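The values are calculated or read from the model by the stated rules, or taken from the named source; none is laboratory data. Fair warning: this is a prediction, and the values are worked out from it, not measured in the lab. Heads up, the Cβs are rebuilt from the backbone with ideal geometry, glycines too, and the neighbour counts pull from every protein chain shown. Keep in mind that these areas ignore ligands, DNA and RNA; they rest on the heavy atoms of the full protein, side chains included. Shrake-Rupley method; radii C 1.70, N 1.55, O 1.52, S 1.80 Å.
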Amino acid sequence: MKIIYSWLKEFVDFDWTAEELANKLTMTGLEVEGIERTGAGFKGVVVGKVVSREKHPNADKLSVCMVDLGDGHPVQIVCGAPNVAAGQTVPVATVGAVLGGDFVIKKAAIRGQESNGMICSKSELGLEEGKSDGIWILEDSLIAGLDFATILNLKEDYVLEVAITANRGDALSHLGVARDVAALAGKMVRIPDLSIDPKYLSQSESSEKIKIEIESPEACSTYVGWYLEGLEARQSPEWMQTRLKQMGLRPRNILVDVTNYVMMELGQPLHAFDYDRLKTKTIKVKTFSGLSFTTLDSKSRQLPENALMICDGEEPVAIAGIMGGENSEVVDSTSKVLLESAWFNPSSVRKTAKKLSLSTDSSYRFERGIDHNLQTIAARRATKLIVELGGGKASFKPVEAVAKPTPVLELTLRFAQVKRILGIEIPKDTIHQILDSLGFKMVGENSTEMMVKVPSHRPDVTREIDLIEELIRIYGFHHVPEAETVAVSYTPEQKSYYSEENNLRYLLNGAGFQEILCNSMIPKADAELVTSEIVPILNPQSEDMGIMRPALAPGMLAIAVKNQNHGLADLKFFELGHCFLKKASKRYSKITGYDETIRLGFLLSGNFMPVSWNHESKAVSLFDLKGYLNAVVGAFQFADPVTLAVKESSYYEDYLTLNVKNQEIGYLGKISKSVQNFYGLKQPVFIAEFYLDEIRSLKPKVARYQELSKFLPVEKDMAFWVSKTVAADEMLLAIKSVNAEFIRNVIIFDVFEAKQNPDQEKSVAFRMTLQNPEKTFTDDEIEGIMNAITQTLDSKFKARLRGA
Amino acid sequence: MEEQIKLVHEAIDASLPLSSSDAIEAFRIRFLGRKGTVSALFEQLGSVPKEQKGQVGKLLNELKIKAQSAIDSASAAENGKSLVIPKTDLTLPGTPVQFGRLHPLTVVLNEMIEIFRFLGFSVASGPELEHDWYNFEALNFEHDHPARDMQDTYFIDKDLLLRTHTSPVQIRVMENQKPPIRSIMPGRVYRNEAVSARSYCLFHQLEGLLIDKNVSFVDLKTILLAFAREFFGPQTKIKLRPSYFPFTEPSAEVDVSCHLCHGKGCRVCKHSGWLEILGCGMVDPNVLRAAKIDPEVYSGYAFGMGIDRIAMMRYGIDDIRLLWDNNLRFLQQF
Ligand SMILES: [Zn+2]
């Protein structure tokens, strides 16, 4: 909402500068986002007479002029305009003048010739767009030395851009803002002149010309109509046009301009119908459904269900509170007008405007609630302005149809409640003063509370807490002190995963993984590569952000490509975030029919270690990622072992799931060639994701101390020939199962294919750590364990001990 | 052979220390001279079986180094000055080890969370896919009220949306917990706003909620000042401006004195000396009622701030999209 400084002063007296006013408004909740200075864009420009003009001795295109500035002592000014000539009357920016806000004219020497000012063109004075052809030549009748801004009637003014919050419909006018100013300044507001000079009034009443029937009293409580005749749709006076332009409105003719002017002045939207174009003279306010209607912007609009319309008999002529119809709008030939000033229900107007995707100055105000006592006042004000400025005559009385009187709300304010909410006491006389200046009428008071009537312009104030907000908003938050202590009553720490998630982050940082954060909204094609159970957004900003990510992989891959294209190929990052699937929700999901889960994703690509003088770099493999996952799984501390299952996936060419007790807790894989090509990745990429909700649902291991063996462990190596179809992790499990008590650890330290039949056989070498908690092993005992291992692997996998 | 090497080791040990230049020279001739013991052993290396050659060679080298260093250190002592003969250039860089880093938004968020945990707040979370009830209605956003226009919303279906703020978690917390409640709720939120250098269609918020008996605006201002001083520095001042949020009343916007210019005015604070960082207010009685808490018994405050904007202020990031580009060169700066 734009507020014009000089206009505001018509409603309330204050002596603050525009800056001061802006600060004060901001501190009452009407945030001023900017101040624009208007009127003359210059200072110190006077009328001058060119006494003589000579060619500049050192420059062909310059002239040296003597200019009389009214004091009888002509000064020398160098001028570059081709049209300058002796005898002209011109605007002169004198030494010390300011143009365009900050350009100060100084005494100067131009190519060796003294210059005491500047002869101005229209564009230099900010009165013409672009560049003018030469200086502005004025009427000779103007007297030298007169202030040029005064002659042009350009008064300095300010337009404040005020951000009005959604609850403050009352502040969408100059009168409304003036009420807050009045409360701040301890003054009262002035209502504008409403008396209409009797010479502009006819003997007839509006009711002789028009009947009003309200069929939907909930949606329209009041409808005031005023009949005017003998009008001309002529131009509005200059001052009104200037203000409308400053408000960002385009002046049209006096009939339309006045409706806008009064709306900006008092906050009541008005509409002028061409009386002669109304088919019958009975205005009906009623709802319609499924109607097609052409508004005055010549657009045909399909109206939603139950749209409130203004009708001339049965034909709609306006969408109530939103926009008039083309069929009844004021045109150049209009001479009779029905002026509408009504109260429409905010939510009714909003519903229709929303469905039409049409927001007007009028609907904006109705949606926010206007003063239900303002209709006749605004109609009278507009009628006065139209007839007094534009001629014609008005009926001496409007038609006022009140379908449903709005009750006056009375509220009780408990003084103890003020203290309870704000933590401070506001002196009672200050409470009185604030509420009084905001228009609240006191109707009763005792030692503990007071009763007030809410003014009709504040429909947002309906509760005691709203009154408390009004008090502190004017009184000021600076009156609320900070306490010495932060009082704390004990609440048990609520279960949260904050620390756990952070521990994971730090763990991964230490392992070299960089954290990234990806957009959760991804392209449909990317999402559909992962799953068909996608969650689309109904109103996406663009197709590229149409689907909620079903997994972290697509976002991470997109980021991998971006980095690759910046020449960063060695990638090692993780993300922790929410993923979304449209499927029957799991037990931890809060939304039925959707599965929103928290995942931890990893991406590895490029070289495993940076190049260095003391070791060779090596391209990452799936086993590098698997190693990290193994370490992270260790950190999760499950009570039950994690098992792996090799699976098929179109997204991944090597793909494994991680499971605990048949519950899938994550996966890892190398992305397939087709996915790699889809993203334009130049090198293999390895990805893993953990499902943190699943993991949190699992039983954690409870750590129990186990006595450390005093006896030295023994390491033994054994290598076996075995069929390539045998899985290494099954061999590991089999070895451990031979003697879980003594075989403390088994690692695989060598794997290679048999030279003779590389397609069928491989050698797998194990290193066992054997330890007896009770005593030192004898050679026989070790021999016994190793034999048992050989036998077990033979019987289970037909493995043969190498070198045996 | 290995046995012989062992013997020479013992012989060297027995001849130390070398206390004169004559002793040093005699030692050199005995062990490292052309006919010295060590040199003789090297000559025998040729006859060692192939598979042992590597191992024996290694042991011999160690022996030779031992004898030479004995001479070197004794000579240095003799000359009255230290002598360093590096075996390798120690100025070569170490084996590269690179830690990952946290995303700058996580860094800032963690710091804030730690401050509030220190002040006694628990961390709570909620879904990003949210019902209209939690995101709007329970928070006192009426149907068909312009307050709903304050937040451009992405919809999944008629009733389901992407949460536009973390405030719905307030309701979820109040549903699951009786007062006193003291929670902070960090998380990702979505607004259907055009992407530019200054705004993105998703960002992060940190919400705070405290419900107890006798909680007033004084308590709110106290906690906000404590937070501002912990986060921005001990000299920080705060300023409250009245504002409007449907779920708090009275509501305020909070400015903190600019930590860069200390209130004098600079580019970051647009020469105002103040930075707008959060919104706050006393929990609206309608919100308490929606969560089945009696507003006549309990009162409380709530606040919320945008993490992304604060991170941009702190690090001088002038384009919000950088936070989402995840360029490693950018991320590794934090
Ligand atoms: Zn600053």
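For the subset of the range B:245-259 comprising residues that are in contact with a helix residue (DSSP H, G or I) (Cβ under 8 Å, 6 or more places away or on another chain) and open to solvent by 20 Å² or more (accessible area, probe 1.4 Å), which member is nearest to B:E142 (Cα to Cα)? This residue is B:F247. Residues in the range A:402-437 that are at pLDDT 95 or above and among the small types (G, A, S): A:A416, A:G423. Within the range A:604-616, the set of residues being in a loop (DSSP other than H, G, I, E, B) and exposed (fewer than 13 other Cβ atoms within 10 Å of the Cβ) comprises A:V611, A:W613, A:N614, A:E616. With respect to the conditions (1) crowded, with 16+ Cβ neighbours inside 10 Å; (2) away from chain B (no Cβ under 14 Å); (3) closer than 29 Å to A:A178 by Cβ, A:W16 falls short on a single one, namely (1). Every condition in (1) out of contact with any Phe, Trp or Tyr (no Cβ under 6 Å at 6 or more places or on another chain); (2) without any contact (Cβ under 8 Å) to a residue 60 or more places away in the chain; (3) part of a loop (DSSP other than H, G, I, E, B) is met by B:N214 except one, and the failing one is (2).
Of all residues in the range B:107-123, those being at the interface with chain A (Cβ under 7 Å from one of its Cβ atoms) and either at pLDDT 95 or above or not in a loop (DSSP other than H, G, I, E, B) (or both) number 4. Within 33 Å of the chain's Cα centre (by Cα) and either open to solvent by less than 20 Å² (accessible area, probe 1.4 Å) or within 14 Å of chain B (Cβ to nearest Cβ) (or both), is that true of A:V224? No; evaluated as a whole, the condition is false for this residue. Can you find even one residue in the range B:228-240 that is more than 16 Å from the ligand (Cβ to nearest atom) and under 27 Å from A:V418 (Cβ atoms)? Taking every residue of the range B:228-240 in turn, at least one turns out to be more than 16 Å from the ligand (Cβ to nearest atom) and under 27 Å from A:V418 (Cβ atoms). Find all pairs meeting these conditions: Cβ atoms under 7 angstrom apart; at least six residues apart or on different chains; first residue within the range A:504-530 and outside the structural domain of A:K562 (by TED's automatic domain parsing) and modelled with pLDDT under 95; second residue open to solvent by 10 Å² or more (accessible area, probe 1.4 Å) and in a loop (DSSP other than H, G, I, E, B). Hits for this filter: zero, empty list.
Scan the range A:151-194 residue by residue and report those that are within 14 Å of chain B (Cβ to nearest Cβ) and aliphatic (A, V, I, L, M). Of everything in the range A:151-194, those that are within 14 Å of chain B (Cβ to nearest Cβ) and aliphatic (A, V, I, L, M) turn out to be A:V162, A:A163, A:I164, A:A166, A:A171, A:L172, A:A183, A:L184.
Residues in the range A:587-603 that are open to solvent by 40 Å² or more (accessible area, probe 1.4 Å) and either facing chain B (nearest Cβ under 10 Å) or within 24 Å of A:V632 (Cα to Cα) (or both): A:Y588, A:K590, A:T592. Across the range B:1-46, the qualifying residues are those that are among the basic types (K, R) and under 60 Å from the mean Cα position of the chain (by Cα), and the one among them that is nearest to B:D72 (Cα to Cα) is B:R28. Considering (1) closer than 21 Å to A:L30 by Cβ; (2) loosely packed, with under 14 Cβ neighbours inside 10 Å, the lone condition that A:I468 does not fulfil carries the number (2).
In contact (Cβ under 8 Å) with a residue 60 or more places away in the chain and either open to solvent by less than 40 Å² (accessible area, probe 1.4 Å) or more than 14 Å from chain A (Cβ to nearest Cβ) (or both): which single residue out of B:P49, B:P104 fits that description?
Among B:P49, B:P104, only B:P104 is in contact (Cβ under 8 Å) with a residue 60 or more places away in the chain and either open to solvent by less than 40 Å² (accessible area, probe 1.4 Å) or more than 14 Å from chain A (Cβ to nearest Cβ) (or both).
A:S292 meets each of the listed conditions (1) in contact with a strand residue (DSSP E or B) (Cβ under 8 Å, 6 or more places away or on another chain); (2) closer than 30 Å to A:D180 by Cα; (3) polar (S, T, N, Q) apart from (2).
Just for the range A:454-507: of the residues that are in a helix (DSSP H, G or I) and of a type in the set (K, R), which one is farthest from the other protein chains (Cβ to nearest Cβ)? Ranking the qualifying residues of the range A:454-507, first place goes to A:R505. Checking A:R37 against (1) over 17 Å from A:K155 (Cα atoms); (2) assigned to a strand (DSSP E or B); (3) open to solvent by 50 Å² or more (accessible area, probe 1.4 Å), which test does it fail? Result: A:R37 fails condition (1) only. Report, by residue number, each residue of the range A:70-84 that is open to solvent by 40 Å² or more (accessible area, probe 1.4 Å) and assigned to a loop (DSSP other than H, G, I, E, B). Scanning the range A:70-84 gives A:G70, A:D71, A:G72, A:H73, A:P74, A:G80, A:P82, A:N83. With respect to the conditions (1) among the basic types (K, R); (2) away from the ligand (no atom under 16 Å from the Cβ); (3) under 28 Å from A:L30 (Cβ atoms), B:K213 lacks only one, and its number is (3).
Matching residues to (1) hydroxyl-bearing (S, T, Y); (2) within 23 Å of A:E730 (Cβ to Cβ):
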site	(1), (2)
A:A635	no, no
A:V642	no, yes
A:N659	no, yes
A:Y679	yes, no
A:Q683	no, no
A:A688	no, yes
A:L692	no, no
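Quick one: which of A:A558, A:A569 is closer than 18 Å to A:Y651 by Cβ and in contact with a strand residue (DSSP E or B) (Cβ under 8 Å, 6 or more places away or on another chain)? Of the residues listed, the single one that is closer than 18 Å to A:Y651 by Cβ and in contact with a strand residue (DSSP E or B) (Cβ under 8 Å, 6 or more places away or on another chain) is A:A558.
Inside the range A:40-60, residues that are closer than 17 Å to A:V84 by Cα, open to solvent by 20 Å² or more (accessible area, probe 1.4 Å) and outside any strand (DSSP E or B) make up a count of 2. Right, B:R198: more than 16 Å from the ligand (Cβ to nearest atom), open to solvent by 30 Å² or more (accessible area, probe 1.4 Å) and away from every other protein chain (no Cβ under 12 Å) or not? Yes.
The set of residues in the range A:646-697 that are open to solvent by 10 Å² or more (accessible area, probe 1.4 Å), within 40 Å of the chain's Cα centre (by Cα), among the aliphatic types (A, V, I, L, M) and within 26 Å of A:G606 (Cβ to Cβ) contains only A:L681. In the range B:259-308, the residue that is farthest from the ligand (Cβ to nearest atom) out of those that are in contact (Cβ under 8 Å) with a residue 24 or more places away in the chain and among the hydroxyl-bearing types (S, T, Y) is B:Y298. Within the range A:137-169, being under 30 Å from A:T26 (Cβ atoms), touching a Ser or Thr at 6+ places or on another chain (Cβ under 8 Å) and assigned to a strand (DSSP E or B) holds for A:D157, A:Y158, A:V159.
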